[in-house]
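S.K.: Next up is a structure, given as structure tokens.
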Amino acid sequence: MDKELAANTLLSHYRILSKIGAGGMGEVYLAEDTRLDRRVAIKLLPADFAKDEDRIRRFEQEARATSALNHPNILTVYDIGSYNDSPYLVAELLEGEELRFQLTEGAIPTRKVIEYAQQIAAGLSAAHEKGIVHRDLKPENLFITKDDRVKILDFGLAKLKPSALTGGAGAEAPTMKPLTNPGVVMGTVGYMSPEQVRGEPTDYRSDIFSFGLILYEMITGRRAFQRDTMAETMAAILKEEPAELSAASLNLNPSLERIVRRCLEKKAERRFQSTADLGFALESLSAPTNSSGNDLTRAVSGILADNEVPVRRSRISWIVAAVLGVAVICTGTWYSGRGWFTPSAASVADVTYLPVTFERGFIFAARFAPDGRTIVFSADFDRQPRGVYVASLDSSEYRSLGLTGADLLAVSRSGELAILNGSTIVSGNPYRRTGTLARTSMTGGTSRPELEEVRFADFGPNNTIAVVRSNGGRRVLEYPVGQVLAETPGMQRRSLSSAIELAAPRVSPSGDHIAYFDLRGRSVVQLKILDRSGKAVVESQPFADWWAPAWRSSNELWFGASEAFGSQVSIFSLDLAGRQRRVFRAPAVLTLHDISTQGDVLVSFDRGTSNIEVIEGSDPIPRDRSWRESGELGAFSTNHTLLINGFSGTGGTGGSGAVYVWKPNETQTVRIAEGRGLALSPDGSKALVFTTGNQLKVTIVPTGAGQPLPVDIGTAESVSWAGWMPDGRVVIRGVLRNSTPIAHVVSATGRDPKPFLPDGVTLPDSGNNLISPDGSRIVAADASGRIVLCTIAAPACTPVPSMEDGYELAGWSADGKSLFVCKRQPEQTQVDRLDVKTGRRSAWKALRALNPSASGIAAVIVSPDGAVAYGYRRDASELCVIKGLR
């Protein structure tokens, strides 16, 4: 189709308003989506595309993949279609300008360069993690919105463009714009990677090279390899180095220059090996100022000056957001030549940082070896097997000890290692693992198993060992093994009360004292120090969260903690006389791992994200339905609507955050309320939301048009679960002031709460979709903890045979004859069908997260038709040594 579309032309339900642009890949129109009443952009591709079925197939495949990215730095694709044999794309409407327009004015201020670069890297990383490579990254494909948000355009179109070099209609090479003047190179030849110039296969590292070229041009105002002819430009990409960046800017951050140089390595294996690693390097940068210092120095200086204004945020939003700023200060050190980084402020002149790890992954534990220069740590790296590694402060390299699948627990004074074999992540929390305690040498080799169901361990003098382990439903602290110093009360399976935990034991250098964290539920954590007989010596003030302890001397212990849930983490000191002080207010989520005999402090800066994936129909490949980086799965309705609990900038009302829905066939979420979402009606039209400000408030909130309805929860003081019945009534599990659980049925209008379960029976504290599809039965737990089925209309319950401990309910089958039950495992979560009458169990589906660094699937919901939604966390850490704290 060659004729321009007239106003009011309909392409499906899109009404053309006007033409807003044109290019080699077709024309762009402003249009109105008449179904959703919003304005969109439509790119109408050339009609000759329709003549190549393979090209159309690839186009549709790439467009679907791109539309699933849902990243703030990637243009959102809403729809695809065809009009008069011309394919078209429907995308979000942007207001702003191409990066190319800004570059016509010359170099961009360094502050903006770093800001844009971080956003581009974030968008590329999201695409690369899904296996999507751009192949045609250039300033024309980077759009800067009016609020300075960078959007990457034309993902998926690079494969479709005919090559101007070969003239082949079906070639899959990036395009060049036609030459308007002889000898002037235009288009994307100047943004090719060496492997593209040679016609070799390309991957995400080709995008990293193109990114480096764009970064170079933003800094200098000129292209890195611009020559008089196309052939000379291509030869320069293959054989020459661009001019020094320092010639363009006397105040250029040396770390930024090193990042550019690494992106522009001729050999792909010498570039950044993932865009995520590139992003981490960029996050450490701060734009230079006209003063002798820089933004990063002042930020760190302000933190270390220890002003007493705490940063209050939700824990997850702090993990997600704070690390993106000052948090990963260690990374910049590496690019400065692996030297110590010293802030220039006089008050912190003696505080320095040294990075230890550079791979993307999660650091579970790290310890100094006896020499104080060798570091042993265990990690779940993205591109390496989970295991134990050894690093040195004298080298940037580290090596595996060959203990694949093991987690480090402790290192003795003689260099012996305590490790955890066969460990599993507890409740989706990567900081809590349980497995078999074993000992081995720092040289690697065979490990010797010693004790099962161990969570933590530490060495004392003479290779004695302290452990926290499970024993008969309790947690016990033993030092040495067999001598109980502290224990928790027995815990009934599926108890509603907050479980009391013991964590992170550390034996003093003299062996006379042992410290550990006593966890009494959310926001009640204390560090306690005992003597060898188990007698309490001293304890810290209550804290909201803990981040591991380490002895600085036999008289003084340092530990990481936050004073309010979601607030900034600090390192505190506690001595045997009970004196407590703040040592260091951390610039991010920080775990204190160890302190060497020289006083060096080994920490990791940690970052976590929440992810949601959905499997529907016969397609076994999950689709990413993550919201930003902090949305948690709240509910999954029968019609496949998702309820997502996110976080506002300050944690939302009462720290509860914000509630979003993602409806079927929509490309993005819609915010419906402040608070936390508990349940969705089967048709996805209503959500149950609670907030915890001055008092508990529960509301039925429409996901579309309509007015919210308050819900009467009777005498309950809190609400922990809810579910919808087909007739509109709501079942709510609450807890009374005396911690007694209670379940109510509430009318469709939120009124008349009525208890309905027999005495001694309550709803379990884990599981989803407890109500049968016909609304007649509900899964519950009796006084002994057994899972039972209860009729809702009358108080009658029968046990569910073969419902084993460790399994959680994920949903009901459509016929009401089976339950979907799941069991979390380190590498995957197994979902089985369980016949409620016979107890016969059959394997149904094994769930694996798309991302290899997932910490374990933490929530699974199966709809009656077999669609599955699940959530998991991804955790990343950077190990770093801090020198000079006192």
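The values are calculated or read from the model by the stated rules, or taken from the named source; none is laboratory data. Keep in mind that this is a model prediction, so the values were computed, not measured. For neighbour counting, all protein chains shown are included, and Cβ atoms are generated from backbone atoms with ideal geometry for every residue, glycine included. Only protein heavy atoms, including side chains, enter the accessible area calculation; ligands, DNA and RNA are left aside. Shrake-Rupley method; radii C 1.70, N 1.55, O 1.52, S 1.80 Å.
S.K.: With the requirement that a residue be under 24 Å from residue 508 (Cα atoms) and assigned to a strand (DSSP E or B), what does region 438-452 give you?
M.R.: Residues satisfying the conditions are 438, 439, 440, 441, 450, 451.
S.K.: In region 709-729, which residues are modelled with pLDDT of 90 or more and more than 32 Å from the chain's Cα centre (by Cα)?
M.R.: Within region 709-729, 709, 710, 711, 712, 725, 726, 727, 728, 729 meet the criteria.
S.K.: Within region 685-699, restricting attention to residues that are outside any strand (DSSP E or B) and out of contact with any strand residue (DSSP E or B) (no Cβ under 7 Å at 6 or more places or on another chain), which residue is modelled with the highest pLDDT?
M.R.: This residue is 695.
S.K.: Output the number of residues of region 257-277 satisfying the condition of being assigned to a helix (DSSP H, G or I) and open to solvent by less than 40 Å² (accessible area, probe 1.4 Å).
M.R.: Going through region 257-277 one residue at a time, the tally reaches 8.
S.K.: Further question on the same structure: Taking the condition farther than 27 Å from residue 36 by Cβ and under 29 Å from the mean Cα position of the chain (by Cα), does residue 114 pass?
M.R.: It is true that residue 114 is farther than 27 Å from residue 36 by Cβ and under 29 Å from the mean Cα position of the chain (by Cα).
For (1) modelled with pLDDT of 85 or more; (2) under 28 Å from residue 147 (Cα atoms); (3) part of a loop (DSSP other than H, G, I, E, B), each residue gets a yes or a no:
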site	(1), (2), (3)
15	yes, yes, no
21	no, yes, no
30	yes, yes, no
42	yes, yes, no
65	no, yes, no
69	no, yes, yes
91	yes, yes, no
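S.K.: For region 350-380, which positions are closer than 22 Å to residue 272 by Cα, open to solvent by 10 Å² or more (accessible area, probe 1.4 Å) and in a strand (DSSP E or B)?
M.R.: 380
S.K.: What strands (runs of 3 or more DSSP E), lying completely within region 772-816, carry at least 2 residues that are within 23 Å of residue 640 (Cβ to Cβ) and open to solvent by less than 10 Å² (accessible area, probe 1.4 Å)?
M.R.: Strands (runs of 3 or more DSSP E) meeting the threshold: 777-781, 808-812.
S.K.: Which condition breaks for residue 681 when tested against (1) more than 17 Å from residue 627 (Cβ to Cβ); (2) open to solvent by 50 Å² or more (accessible area, probe 1.4 Å)?
M.R.: (2)
S.K.: Can you run down the residue pairs with Cβ atoms below 8 Å, 6 or more apart or on separate chains, where the first is in region 835-851 and within 14 Å of residue 813 (Cβ to Cβ) and open to solvent by less than 80 Å² (accessible area, probe 1.4 Å) and the partner is part of a loop (DSSP other than H, G, I, E, B) and among the hydroxyl-bearing types (Ser, Thr, Tyr)?
M.R.: That search, which allows pairs on different chains as well, returns 841/802.
S.K.: Tell me, please, whether a residue that is in a loop (DSSP other than H, G, I, E, B), farther than 20 Å from residue 513 by Cα and in contact (Cβ under 8 Å) with a residue 24 or more places away in the chain can be found in region 544-554.
M.R.: The answer is no, given that none of the residues of region 544-554 is in a loop (DSSP other than H, G, I, E, B), farther than 20 Å from residue 513 by Cα and in contact (Cβ under 8 Å) with a residue 24 or more places away in the chain.
S.K.: I'd like to know if region 144-158 contains one or more residues that are at pLDDT below 85 and in contact with an Asp or Glu (Cβ under 6 Å, 6 or more places away or on another chain).
M.R.: yes
S.K.: Take residue 236 and decide whether it is in a loop (DSSP other than H, G, I, E, B) and open to solvent by less than 30 Å² (accessible area, probe 1.4 Å).
M.R.: The answer is no for residue 236.
S.K.: To continue, here is another question. Counting just the residues of region 177-228 that are part of a loop (DSSP other than H, G, I, E, B), of a type in the set (Ser, Thr, Tyr) and crowded, with 18+ Cβ neighbours inside 10 Å, which one comes out modelled with the lowest pLDDT?
M.R.: The residue in question is 188.
S.K.: Of the residues in region 588-612, how many are open to solvent by 10 Å² or more (accessible area, probe 1.4 Å), within 22 Å of residue 543 (Cα to Cα) and not β-branched (Val, Ile, Thr)?
M.R.: Of the residues in region 588-612, 2 are open to solvent by 10 Å² or more (accessible area, probe 1.4 Å), within 22 Å of residue 543 (Cα to Cα) and not β-branched (Val, Ile, Thr).
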